[in-house]
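Structure first, commentary second.
Read-outs: derived from the displayed coordinates by stated rules, not from any lab. Quick caveat: nothing in here was measured; it's all calculated off a predicted structure. Here Cβ is always computed from backbone atoms with ideal geometry, including for glycine, and neighbour counts include all displayed protein chains.
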Amino acid sequence: MKPEADNKPLYVTQPAMPPLQDFIPYLEQIWANKILTNCGPYHQQLEQELAEYLGVKHISLFANGTLALMTALQSMRISGEVITTPYSFVATAHAMLWNGIKPVFVDIEPGGFNIDPKKIEAAITPQTTAIMPVHCYGHPCDVERIEEIASNYGLKVIYDAAHAFGVQSGGSSVLLQGDLSVLSFHATKVFNTFEGGAIVSPDAKTKRHIDHLKNFGIVDEVTVVAPGINGKMNEISAAFGLLQLKNIDQALQKRAEIDRKYRTGLRGIDGIHCPLPPAGTVHNHSYFPILVQAGYRLSRDALFQKLRDADIYARRYFYPLISDFPMYRGMPSAAVANLPAATLASAQVICLPLHPELTDAHVEKITRIICAA
């Protein structure tokens, strides 16, 4: 007989945690060398190992992904207006406001989740300096078309790649696209360092500038070259990241298995659509979004509540849209009429629980509720 799912609440995500005893030697080394921060040995080692694993040359670690986004904008000297998507976590736009930049929202692709390149060009004004797309759910954006537009108009491209750890498209890492890519290593992400983030740079000169900015602009004991901030990742988080990296392939494999089981269990249900990443993508299965469409017996919110009543804490990522929040909704680009595809996706989406400790019984419980609704 198949084991029954336990009665513990199921959350949309749960951090993958290695055995505690495996972390103790790292802590002992930190206690021994008494280096807790300031780009210590574990910080430097994690940068090197992440660059190798991700297939990039230059990566700078940060205390969190939002600080990395803010610093990425600073490092490119972005000002004025930046074209972005409303279908993301609020940090995407908040990082702009903290830099005195005006976000300009354009719609996502119909039937998809990423910024629609066809809408970008019409939103460009003399004040536009950059585009910040998001690889939503780890689904790669149309990077070729975005690069073409940016090149034609002399714009920078900074990718919010918070969901895109390990994602490849066309045989290489999506993190190599644009002028910079920004990662999040928050506890909810595929790869986590408790809290953390990173910027992927195209060359050593850019990395050096970013590394100065994340450490108060300090070059040496008597030299400060920029008005930087304190954005550095600490040694304990870096050590945890090194341990996590040893187990990341198994975690990604488990996520892929859960993804397949969801697709099998939800196949053929009228009104339930399970979007796939673009063809040619090596995906990380960071999220499992479903769209509750016409033909299903319940509304999206009714299904969401039915899951919640069964202690299944699915999430409506992303609802509301960023453009619906008070600090943005007065902007002309935030008008609902300007964002029909994003508004529809936001009204239909539910992200189901997905993390390595989810069992077959858990998946069956979730799919059974959706099927029986």
* Asked: Looking at region 21-88, which trypsin sites (Lys or Arg not before Pro) are DSSP coil and have at most 11 other C-beta atoms within 10 Å of their C-beta?
  -> K34, R77
* **Projected label distance in nm at V219 and A335, using a 7 Å step from Cα toward the beta-carbon** => 5.0 nm
* D22-F325 pseudo-label distance in nm [points 7 Å out on the Cα-to-Cβ vector] -> 3.5 nm
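Between Q305 and E52, what FRET efficiency follows from the Cβ-Cβ distance if R0 is 41 Å, with the result rounded to 0.05? Write out the running numbers ahead of the final one.
Numbers: r = 45 Å, r/R0 = 1.10.
Efficiency at R0 = 41 Å is approximately 0.35.
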* Length added when fully stretched, R208-W98, from 0.36 nm per residue minus Cα-Cα -> 37.3 nm
* Structure fact -> P(r) of the chain over all Cα-Cα pairs, 10 Å bins starting at 0, rounded to whole percent, reads 5, 23, 31, 25, 12, 3, 0
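For E148 and Q127, what is the calculated FRET efficiency with R₀ set at 22 Å and r taken between the beta-carbons, to the nearest 0.05?
Values: r = 21 Å, r/R0 = 0.96.
With a Förster radius of 22 Å, E is 0.55.
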* **Inter-site label distance for A279 and A373 at 7 Å from Cα along Cβ, in nm** => 3.1 nm
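Antiparallel as a % of all DSSP beta bridges within the chain, to the nearest 5?
Numbers: 24 of 41 bridges.
In the chain, DSSP labels about 60 percent of beta bridges as antiparallel.
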* To do: Counting only GluC sites (Glu not before Pro) that are in a DSSP loop and have at most 15 other C-beta atoms within 10 Å, tell me the longest site-free stretch of the chain.
  => 5-220
* To do: Could you work out which residue, out of I146, I269, I236, moves most in a Gaussian network model of the chain, that is, has the largest mean-square fluctuation with Cα springs under 10 Å?
  => I269
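Starting from the Cα gyration tensor of region 249-330, take the square roots of the eigenvalues, sort them a ≥ b ≥ c, and report rounded, prolate or oblate (rounded when a/c is under 1.5, otherwise prolate if a/b is larger than b/c, else oblate). Don't skip to the end; give the middle numbers.
On the way: a/c = 1.74, a/b = 1.26, b/c = 1.38.
Here region 249-330 falls in the oblate category.
Roughly what % antiparallel, to the nearest 5, for the DSSP beta bridges in region 75-198?
On the way: 5 of 19 bridges.
Counting DSSP beta bridges with both partners in region 75-198, the antiparallel share is about 25 percent.
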* Answer with one residue from L67, M17, A51: the one whose Cα lies farthest towards the positive end of the charge dipole of region 1-80, charges on Cβ with Lys, Arg +1 and Asp, Glu -1. => L67
* Structure fact -> Checking M132, M331, M96 against a Gaussian network model of the chain (alpha-carbon springs below 10 Å), the top fluctuating residue turns out to be M331
* Under 5 Å, built H, 5+ apart or other chain: amide partners of R315 -> C351
